[in-house]
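Here is the structure we will look at, set down as structure tokens.
The values are calculated or read from the model by the stated rules, or taken from the named source; none is laboratory data. Keep in mind the model is a prediction, meaning the values are calculated, not measured. Please note: Cβ atoms are built from the backbone with ideal geometry, for glycine as well, and neighbour counts cover all protein chains shown. Ligands, DNA and RNA are excluded from the accessible area calculation, which covers all protein heavy atoms including side chains. Shrake-Rupley method; radii C 1.70, N 1.55, O 1.52, S 1.80 Å.
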Amino acid sequence: HTPQDTIPAGFCKSEHDEAVRVKTLLTECLYAAKKDHSLNSISDRIKATAYQLGQSLGTAYCNDDAAREFVSCIASALRTELIHDINASPFKSIILDESHDNGDIPQLSVCIRYLKRGRALTRFYGMVELQRREVTHEGRKRMVTATQALSVAYALKDMFEKDGIRWENLMFWA
């Protein structure tokens, strides 16, 4: 074998090894999500899986931050696609549910229904903590509690503005 033959082969092997590492990490992230496990302890599962499979994952993938970074990147890409699809839809509706978490903090869960290629889809859009806030309504500034309708409406308005979701063609609130 000449050096010209071994260099490309080395790159192919390296690329394959990297793909195996990433696939293993993503598989463990999926497992943790399905079992509702914390990503804070995923490095131990990754190390155990790598050992069982006889793989060397290296230190870059055997830490808790790697899983969070991968999940964050995937979530960001999915959210960007969701926002694009929502804005491209000729019609949309939102489904809201206000509840309190374990710390008695009011939360708003938002789902959105929209059309994509003529098919109606319902997707989770996000959670937002509801807060007491000052609002301007009918030309007057006033304070509203976290769970009053104006606070909920402004929380939704803030979410939509942050993500560039347009209000046009909003057909229904539930």
Residues of the range 124-152 being open to solvent by less than 40 Å² (accessible area, probe 1.4 Å) and under 20 Å from Y114 (Cβ atoms), in sequence order, are Y125, G126, V128
Next on the checklist: So for the range 101-119 (the condition being surrounded by fewer than 11 Cβ atoms within 10 Å (Cβ to Cβ), basic (K, R) and under 20 Å from the mean Cα position of the chain (by Cα)), does at least one residue qualify?
Outcome noted: no
Flagged in the range 92-105 as at pLDDT 90 or above and either more than 28 Å from Q148 (Cα to Cα) or of a type outside the set (S, T, Y) (or both), in numbering order, are K92, I94, I95, L96, D97
Residues of the range 75-106 being farther than 30 Å from M171 by Cβ and either in a strand (DSSP E or B) or in contact (Cβ under 8 Å) with a residue 12 or more places away in the chain (or both), in sequence order, are I105
Exactly one of V128, V110 is modelled with pLDDT of 85 or more, more than 30 Å from V22 (Cβ to Cβ), touching a helix residue (DSSP H, G or I) at 6+ places or on another chain (Cβ under 6 Å) and not in a helix (DSSP H, G or I), and that one is V128
Residue pairs within 7 Å by beta carbon, gap of at least six or interchain, first lying in the range 115-128 and under 22 Å from L156 (Cα atoms), second of a type in the set (F, W, Y), listed first then second, are L115/F91; L121/Y114
Is it fair to say D163 is touching a residue at least 12 places away in the same chain (Cβ under 8 Å) and either open to solvent by less than 30 Å² (accessible area, probe 1.4 Å) or not hydrophobic (A, V, I, L, M, F, W, C) (or both)? yes
Residues of the range 89-98 being loosely packed, with under 12 Cβ neighbours inside 10 Å and over 20 Å from the mean Cα position of the chain (by Cα), in sequence order, are P90
